[in-house]
Amino acid sequence: MSHIPLKLRSWISAFRLRTLPLAFACILLGSLISADRGSFSFVTLILMFLTASSYQVLSNLSNDYGDFISGVDSKRSKGAEVRLVSSGKISSNQMKIAIRLSILGSIFLTVLTSYFGSFGFNEPIQIFLFFSFIGFVAIWAARDYTLGSSYGYKAWGDFFVIFFFGPVGVFGSFILQSKGFHFIVLLPSLSIGFLAASVLNLNNLRDLKSDDQAGKKTIALILGDRNARVYQTILIFFSLLSAVCFMFINGTTYRIDFLFLVLTPFFFQCVLEVWKAKSSKDFDMLLKPSAILCLLFSVFIGLGLLLDSHSSENFIF
């Protein structure tokens, strides 16, 4: 990116694009499960991608600013990524403006996606209002992780990540695509939620010492180093287990439905690397591949279902 102006590079860094695979994973999985059941809209998929991305970017910008004003950045370990406001590459006023613009963009995309997604329901107004409300709550959650209520400093981050990347992201996108409710989809939604929480836990393991010094409470800090690694292992195990349970309850009859299990060695390797990690840099290096693995997991679950399906002829463009 040497040819890109320094200021633009700073903003791209602030967006933390490496976290976007998590946002894509939940939307894609819900859409692919719906496609397997014969209903899919490419327009709805793109709108949901954009909306989820706007939430993620808002969260990343808010975290950068929130960790600066709370003093967490001043105690951040050497292996952690560079924060833009604390490093002086972006001023606090510029970041506040960016956060406000991001909120406005998220509101616009939430309303737009809820509006188009409500088409095809028997009661479109209720669906529009419901998903708009859920979206506004997601916007609040994205901003307030380190700002406002700063629930991320009070060990609530894991719960909110599982909820929004799991049931809200996967189950919500499935509902908008399929125009129906099938609670069995909660199982694969938990798979993605657990994986997203495992990425957050990696982040918290990396910042264990600095969070402790700054008074920031996280599940990893409460559990301690060793138990947080056990927690990481449990999250990944239950992610795989939830997906396997979904396939069995879904009435799976072909081995191709379990295509996602080919990723098991990669998950095993990630767990192994977590146990081998000795420095903040070691944990930081695991963040990007873990996010990408989460996206691949959702792709392989959906792809396995589609390869086994003969009913995906009702596509809407």
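The values are calculated or read from the model by the stated rules, or taken from the named source; none is laboratory data. Everything quoted here is computed from the prediction, not taken from an experiment. With ideal geometry, Cβ positions are generated from the backbone for all residues, glycine too; neighbour counts draw on all protein chains shown.
Among the residues making up region 105-161, a single one is acidic (Asp, Glu), touching a helix residue (DSSP H, G or I) at 6+ places or on another chain (Cβ under 8 Å) and farther than 22 Å from residue 189 by Cβ: 144.
Looking across region 223-271, the residues that are more than 20 Å from residue 182 (Cα to Cα), free of Cβ contacts under 8 Å to residues at least 12 places away in the same chain and either charged (D, E, K, R) or not in a helix (DSSP H, G or I) (or both) come down to 224, 226, 255.
Residue check: is residue 174 touching a Phe, Trp or Tyr at 6+ places or on another chain (Cβ under 7 Å), part of a helix (DSSP H, G or I) and under 21 Å from residue 304 (Cβ atoms)? Judged against the criteria, residue 174 is not a match. Would you confirm, using the coordinates I've provided, whether residue 143 is among the basic types (Lys, Arg) and modelled with pLDDT of 95 or more? Criteria met by residue 143.
Going by the structure shown, is residue 57 within 25 Å of residue 289 (Cβ to Cβ) and modelled with pLDDT of 95 or more? Considered against the rule, which asks whether it is within 25 Å of residue 289 (Cβ to Cβ) and modelled with pLDDT of 95 or more, residue 57 comes out as yes. Per the listing 121, 133, the residue uniquely over 28 Å from residue 63 (Cβ atoms) and either free of Cβ contacts under 8 Å to residues at least 24 places away in the same chain or over 15 Å from the mean Cα position of the chain (by Cα) (or both) is 121. Here are some residues: 274, 244, 299. Which one is farther than 24 Å from residue 28 by Cβ and hydrophobic (A, V, I, L, M, F, W, C)? When all the criteria are applied, what remains is 274. In region 149-182, the residue that is nearest to the chain's Cα centre (by Cα) out of those that are of a type in the set (A, V, I, L, M) and buried (at least 23 other Cβ atoms within 10 Å of the Cβ) is 161. Any residue at all in region 253-276 that's within 17 Å of residue 18 (Cβ to Cβ) and of a type in the set (A, V, I, L, M)? No, region 253-276 contains no residue that is within 17 Å of residue 18 (Cβ to Cβ) and of a type in the set (A, V, I, L, M). When region 205-249 is filtered for residues that are of a type in the set (Val, Ile, Thr) and more than 15 Å from residue 283 (Cα to Cα), the ones remaining, listed by number, are 218, 219, 222, 234, 236, 244, 249.
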